[in-house]
Amino acid sequence: MSFEITAPYKNHNYIAKAADRFLAKYHPGKSYPIPIEEIAEFHLKLDIIPIPGLHRAFDVDGFLSSDRKSISIDEGVYQSRPGRYRFTLAHEIGHLVLHKDIYERYEFENVAEWKEFINKFPEKEYSWFEWQAYEFAGLVLVPPAHLNKRVIYHTKEIKSLGIQNKDVINDRVTELLSEDFVVSRDVIQRRLTKEAKKSEG
């Protein structure tokens, strides 16, 4: 390896502000679920390109092109996994928003060359690069204000049915939030954990 890529330092607060600006610009109506596909195609002018077997061959659901004009995505995810599809789009848009300078410096024409690009990252740098995009995607698809309001609403509704077991309530709230925002339960759980840490701090 002749050179390595360095990921920029962007913490949670920086990414949260970037997500807020993104939503204010591209979805000021603030309805949910966030129309991430429409934002990608009609506002950001990104081509969404389904690729058969992408995940099986390269262990990735999608990637942003080096010219930042398209997102290639595993065809199976595109066709039948709406939550994962939406998160993949938001994740790659996170790279577009947060890592434009990196993509401007490197060119790749296909998935194999993209893999070579990724392999130029030291392990810790790549983890940081990906974490930033994950944070952005979670904050865009599950904005804090919407999340907190829906948690309160669902918790109240469930308790009104006479259910008091905390674990049962939390499990059902997570499921309902997953349906509200059209994301996986894992995404909801990570967002709830993050918001809980913020309130504790």
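The values are calculated or read from the model by the stated rules, or taken from the named source; none is laboratory data. Just so it is clear, the structure is predicted and the values come from calculations on it, not from any experiment. Backbone-built Cβ (ideal geometry, glycine too); neighbour counts: all protein chains shown.
Data table
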| read-out | value |
| --- | --- |
| Number of positions in the range 5-51 that are in a loop (DSSP other than H, G, I, E, B) and surrounded by 11 or more Cβ atoms within 10 Å (Cβ to Cβ) | 13 |
| Pairs with Cβ under 6 Å, 6+ apart, first in the range 132-147 and touching a residue at least 60 places away in the same chain (Cβ under 8 Å), second in a loop (DSSP other than H, G, I, E, B) | Q132/K10; L141/I34; L141/V183; H146/Y32 |
| In the range 66-102, the residues that are part of a loop (DSSP other than H, G, I, E, B) and either out of contact with any strand residue (DSSP E or B) (no Cβ under 8 Å at 6 or more places or on another chain) or without any contact (Cβ under 8 Å) to a residue 24 or more places away in the chain (or both) | S66, D67, R68, R81, H99 |
| Where a residue in the range 15-31 is over 12 Å from P144 (Cβ atoms) and modelled with pLDDT of 95 or more and its partner, wherever it lies, is of a type in the set (D, E, K, R) and not in a loop (DSSP other than H, G, I, E, B), with Cβ under 8 Å and at least six apart | I15/E135 |
| Qualifying residue in the range 103-111 (condition: touching a residue at least 24 places away in the same chain (Cβ under 8 Å), buried (at least 21 other Cβ atoms within 10 Å of the Cβ) and more than 25 Å from N11 (Cα to Cα)) | no |
| Positions within the range 57-89 being farther than 12 Å from D47 by Cα, in contact with a helix residue (DSSP H, G or I) (Cβ under 8 Å, 6 or more places away or on another chain), among the polar types (S, T, N, Q) and at pLDDT 95 or above, in sequence order | T88 |
| Within the range 112-141, considering residues that are basic (K, R) and under 22 Å from the mean Cα position of the chain (by Cα), the one surrounded by the fewest Cβ atoms within 10 Å (Cβ to Cβ) | K124 |
